[in-house]
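Asker: Starting off with a structure, shown below.
Only the coordinates and a few stated rules stand behind these numbers; no lab work does. Source: prediction; values computed, not measured. Backbone-built Cβ (ideal geometry, glycine too); neighbour counts: all protein chains shown.
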Amino acid sequence: MNQDSTKISLTNRSKVVSNKKMTLLERFYLPAVLKGMSITLSHFFKREVTIQYPEVKRPFSDIYRGMHVLKLDDEGRERCTACGLCALSCPAEAITMIAAERKEDEKDLYREEKYASKYEINMLRCIFCGDCESACPKEAIFLTNRIVPSQYKRIDFIYGKDVLVEKKDARVDVSKRQTPEVLTFKQDKSKSHNK
Amino acid sequence: MDIQFVLYKLILCVVILLLSLMIAMYATLAERKVAGFFQDRLGPNRAGIFGLLQPVADGMKLFFKEEFMPANADKVLYILGPSLTMLVALLTSAVIPWGGTLNIGGTEFALQVADVNVGVLYVFAIVSIGVYGIMIGGWASNNKYALMGSVRAASQMISYELAMSMSIVTIVMTTGSLSLNEIVAQQHGMHWNVFTQPIGFVVFLICAFAECNRAPFDLPECDSELIGGYHTEYSSMKLGFYLFSEYINMFISSAMISSLFFGGYDFPFMNDLGLSHNMVTILGTAALFIKITFFGFLFMWVRWTLPRFRYDQLMRFGWKGLMPWAIVNMVLTGFLHLLFKK
């Protein structure tokens, strides 16, 4: 078996390992040591990449997939109709919901006749894939560029409607991820995701 | 021996003791900072400005940690280990000349605690005791890792002490004195030993790393194989003593290297600037501390550059690498000294 004739290089950066005898200078090791030390010294004067976290925050992408939000429509009614498509699409099975029928006096709370009386996402199960967002036919659930904060108890990671639904006076901006392209893509019935 | 003299020596002792402790304290911070910079990080910077209060926080933490002693440990030796290490680390500073003489009110005050005429021998004697602190601590812990670490420490320190002393012998030969003060005095006017003894310097430097158990010779600690080596079972301030004495040792080694090879408190154009005697002394002490700082930095620089030796490599390097060079250097120096100096 001739190893040399069947050498395959994918990146052209691979180095052939050799067991050649070291020269006298190489056996002193000191030049190599000094070379190594000059490399570390060059790093000593390089700019640090540290971001001072609580004071300085790393800018997130507009379409970062972080903590979820349940959107209200322009009149402040919940968009979610508890169709269950998000829960169905969720690969981690993190979403659970209970549907309820809207009462006559709740017309300004829920947009359609059916709504989710209970809507929970287990943030420890969630893998932030964004499938719930793609699956939602009502533009009700979105992932945002907010981070899920740490908690002391596991139970505190199960987010209910009190956390997920956006507040009327503190709307969450999702306009960057809800571009016209996204909307037309979602409405395109020829794509498999909407069949 | 008048009361003034005793009082002065007492003050000098206390000052040097406090100085060693302070420097060791901030060397821990410097180590973490330097490590950070070498790795493109910032290092600790939350406690105080630039993290200047970090050593205080670390010390406080060690004080309030649980004092744990293994059930089967030898109680007396377990406490003796770190105490001995700390004691030995602090003893060496007595013979190092920290500067020239200060002229206060017509009296000359030497900035050296004890001008022993066998200063070099004293240092070696003390450094040899240093290995007992580690040995006793590792043995008393009654733990396999600790024992392994202390056995390694003992064999490593004994092996490297030989080459180290042989490189010093050349200096003693050319100087004709064992007194550190005399060795430094003879290097005045940029006649630094490093120029005449480059091989001796390199050998001594490498051995100093090994004697301090610093990377790449940190096999006694060797976190990845031996957990913590000889101080695996130690906690609270006893562990603090072990870690702290390492930095004191580093400081003293840097001072020794500066004194033996880099002229101690000598600096260029020392006597040509037309400064007063006291001013020259103060500047000289400052120069010595600049040299010490550089060598302290070198200790850290090497630690964050070179990986740890394998044990057989360490032994081979000590006996078959450094020893022959030290002997060759000694013979060569003796030969040339006979040929030219007389």
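Asker: Could you work out which residue, out of A:Lys35, A:Lys168, A:Lys153, moves most in a Gaussian network model of chain A, that is, has the largest mean-square fluctuation with Cα springs under 10 Å?
Answerer: A:Lys35
Asker: Among the lysines, which fall within straight-line cross-link reach of B:Lys33, defined as a Cα-Cα distance under 23 Å, with same-chain neighbours fewer than 8 residues apart omitted?
Answerer: Qualifying lysines at Cα under 23 Å: A:Lys35, A:Lys46, A:Lys57, B:Lys61, B:Lys291.
Asker: Now for a separate question. Averaged over peptide B:38-44, how many Cβ atoms belonging to another chain are found within 10 Å of each residue's Cβ? Intermediate results must be reported in sequence, preceding the final value.
Answerer: Numbers: counts 7, 6, 7, 3, 5, 2, 0.
For this peptide, the per-residue mean of nearby foreign Cβ atoms is 4.
Asker: Calculate the FRET efficiency for A:Ala99 and A:Ser175 from the Cβ-Cβ distance with a Förster distance of 22 Å, rounded to the nearest 0.05. If you can, show how the numbers build up before the last one.
Answerer: Details: r = 29 Å, r/R0 = 1.30.
The value I calculate is 0.15.
Asker: Same structure, new question: If a helix is a whole DSSP H run, which ones in chain B reach 30 Å or further along their own axis (Cα) and hold a mean Kyte-Doolittle hydropathy of at least 1.0?
Answerer: Numbers: long enough: B:3-38 (50 Å, 1.76); B:119-140 (32 Å, 1.85); B:144-175 (46 Å, 0.81); B:236-261 (38 Å, 0.96); B:277-303 (39 Å, 1.33).
Those that clear 30 Å and a mean of 1.0 are B:3-38, B:119-140, B:277-303.
Asker: Something else: Can you tell me which of B:Ser150, B:Ser259, B:Ser128 moves the most in a GNM of chain B? Springs connect C-alpha atoms under 10 Å apart.
Answerer: B:Ser128
Asker: Relative to the longest principal axis of chain A, what angle (0 to 90°, nearest 10) does the C-alpha long axis of helix A:30-44 take?
Answerer: Result, in degrees: 30.
Asker: HN-Hα J couplings of the stretch B:223-229 from phi, Karplus 6.51/-1.76/1.60, θ = phi - 60°, integer Hz, Gly and Pro as x?
Answerer: Result, rounded to whole Hz: 3, 6, 9, 10, 6, x, x.
Asker: Now, a different point. Provide the FRET efficiency to the nearest 0.05 for the A:Lys35-B:Leu336 pair, computing r from the beta carbons and using R0 = 30 Å. Let's see the in-between values first.
Answerer: Details: r = 32 Å, r/R0 = 1.05.
Taking R0 as 30 Å, the efficiency between A:Lys35 and B:Leu336 is 0.45.
Asker: Would you kindly state how much longer the chain becomes between B:Asp272 and B:Leu52 on full extension, computed as 0.36 nm times their sequence separation minus their alpha carbon distance, in nm to one decimal?
Answerer: Working: separation 220, 0.36 × 220 = 79.20 nm, distance 3.82 nm.
Extra length available between B:Asp272 and B:Leu52 comes to 75.4 nm.
Asker: Right, next: Counting each DSSP H run of 4 or more residues in chain B as -39500 (n - 2.57), what helix-only mean residue ellipticity at 222 nm follows after dividing by all residues, to the nearest 500 deg cm²/dmol? Please list the in-between numbers first.
Answerer: Values: 13 runs with 224 residues, N = 342.
Mean residue ellipticity, 222 nm, calculated: -22000 deg cm²/dmol.
Asker: Something else: Rounded to the nearest 500 deg cm²/dmol, what is the calculated helix-only ellipticity per residue at 222 nm for chain A, with -39500 (n - 2.57) per DSSP H run of length n ≥ 4? Spell out each step's value before the answer.
Answerer: Numbers: 6 runs with 42 residues, N = 195.
Calculated mean residue ellipticity at 222 nm is -5500 deg cm²/dmol.
Asker: Please identify the chymotrypsin sites (Phe, Trp or Tyr not before Pro) of the stretch B:235-291 that satisfy two criteria: DSSP loop assignment and at most 11 other Cβ atoms within 10 Å. Which are they?
Answerer: Working: sites: B:Phe241, B:Tyr242, B:Phe244, B:Tyr247, B:Phe251, B:Phe261, B:Phe262, B:Tyr265, B:Phe269, B:Phe289; in loops: B:Phe262, B:Tyr265, B:Phe269.
Of the chymotrypsin sites (Phe, Trp or Tyr not before Pro), the ones in loops of the stretch B:235-291 whose Cβ has at most 11 other Cβ atoms within 10 Å are B:Phe269.
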